[in-house]
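The values are calculated or read from the model by the stated rules, or taken from the named source; none is laboratory data. None of the values given here were measured: they were computed from a predicted structure. Backbone-built Cβ (ideal geometry, glycine too); neighbour counts: all protein chains shown.
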Amino acid sequence: MESTSIFSERVQKIQPSATLAVDARARELKARGVDLISFGAGEPDFDTPDNIKQAAIEAIHQGFTKYADVSGTQDLKEAILAKFQRDYGISYQPQEIIVSCGAKHSLYNIFQVLLDKGDEVLLPAPYWSSYADMILLTGARVKVIRTKAKEGFRLHGDGLKKAIGTRTKMLILNSPSNPTGACLPKEDLQEIGKIVQEKGIWVVTDDIYEKLIYDRFEWRSIASVAPEIRDHCLVVNGVSKAYAMTGWRIGFTAGPAEVIGQMSKLQSQSTSNPNSIAMKAAVEALNGPQESVEKMRQEFEKRRNFVVDRLSAIPHIQCFRPQGAFYVFPDVSKWYGREYQGKKIENSSSFAEFLIDAVQVAVVPGVAFGEDHSIRLSYAASMENIQKGLTRLHDALLALR
């Protein structure tokens, strides 16, 4: 008798989040008393600034604990509109904004609203692991465009043109990138804008790391430098990374009113409004003092400098110097083929397993981001733990056979 699964076909197509799986294992090991150093979590290790927390406390005392508008409160939308005008130089209208339960939820809603079975989505690699699985849930398929570390992980116009097919409906951009930290320069974005305008392709730009920029890099969003694509461009952002508010779950999308309306309809049948108290906190984050953002950025830049220099000094490791975010994505493939306790290291997954088993250091395998030659390390950790973890990693590699 042929066995059948009780689970839907669509949910069986996807995998659990690799980054969250690593973080969960790290938490489990620490709870068991293991002295583990984790480079897995994609969240700032800083606390949410006090003024933001106070705004949430005041919201509770004022009784702002009921249902709110599905697409976000008016005061938060006004703060978001002011942010886009201030940081992007773009004027949106309230009906062109939707607030969701984190930027991940924003992306999920976009894909569900715009993609159907048979559609094709262009995804530059390395890419954030959740994009591909969320796209698969719609019935659409992913077409990967490879980028190279030696070229700054830049998406070139020629490569984009070659990848576009008759079923191509969407291009995903993420700058600064998770996992590489790479940023797309203005001239690349302008070229991409001309190509997608000509082909009529939707662009979804995930700008969640836009406040974490280093080396005086001139960060711009494609929405700012290619205004011709406004009618088919969706900008995703949020408060998680810049304001150390990952657990508050507030993200937002700006784009054409008709798309935002459909996203709001979908959201009304799934989560309803985002957390009311968190929305009040997000208003303060966007409108209030910004000094904490710069302090965190400066500390991340110091850590980036240390991590890149330390990894680059290890034999057989090549590490791209990121311009943003808080990740490095070193190529460790020259260590493949060696053994630890009789087990051969064959790929990024076995390399990551080796580090946990040998020296209790947690990293995310690069295969989760579409690049098996590398691993991702988050430097959203204390300098003490970064130093200790990289020393362990170095010592472990030198002990390999």
Checklist entry - Does at least one position in segment 189-203 carry a residue that is modelled with pLDDT of 95 or more, under 15 Å from the mean Cα position of the chain (by Cα) and farther than 19 Å from Leu107 by Cβ? => result no
Item to check | Residues being without any contact (Cβ under 8 Å) to a residue 60 or more places away in the chain and under 18 Å from Ala149 (Cα atoms) - total across segment 296-310 | outcome: 3
Next on the checklist: I need the full set of residues from segment 328-349 which are without any contact (Cβ under 8 Å) to a residue 12 or more places away in the chain and either surrounded by 22 or more Cβ atoms within 10 Å (Cβ to Cβ) or within 24 Å of the chain's Cα centre (by Cα) (or both), in order please.
Outcome noted: none
Checklist entry - If you take the residues of segment 294-323 that are in contact with a Leu (Cβ under 9 Å, 6 or more places away or on another chain) and of a type in the set (A, V, I, L, M), which of them is surrounded by the most Cβ atoms within 10 Å (Cβ to Cβ)? => result Val307
Checklist entry - Within segment 108-135, how many residues turn out to be farther than 15 Å from Leu171 by Cα and crowded, with 22+ Cβ neighbours inside 10 Å? => result 2
Checklist entry - Given Lys295, Lys334, Lys302, which one is closer than 19 Å to Val367 by Cα, among the charged types (D, E, K, R) and part of a helix (DSSP H, G or I)? => result Lys334
Next on the checklist: Yes or no: segment 28-48 includes at least one residue that is within 21 Å of Ser270 (Cα to Cα) and not assigned by TED's automatic domain parsing to the domain that holds Glu218.
Outcome noted: no
Item to check | strands (runs of 3 or more DSSP E) contained entirely in segment 155-254, each with at least 1 residues that are aromatic (Phe, Trp, Tyr) | outcome: 202-206, 251-254
Checklist entry - With respect to Gln267, is the statement that it is surrounded by 18 or more Cβ atoms within 10 Å (Cβ to Cβ), of a type outside the set (A, V, I, L, M, F, W, C), out of contact with any Gly (no Cβ under 7 Å at 6 or more places or on another chain) and over 27 Å from Phe39 (Cβ atoms) true? => result yes
Checklist outcome for this item: Checked pairs for segment 81-98, first touching a residue at least 12 places away in the same chain (Cβ under 8 Å) and β-branched (Val, Ile, Thr), second surrounded by 14 or more Cβ atoms within 10 Å (Cβ to Cβ) and part of a loop (DSSP other than H, G, I, E, B), C-beta under 8 Å and 6 or more apart or across chains, list as Ile97/Ser71; Ile97/Gly72; Ile98/Ser71; Ile98/Gly72
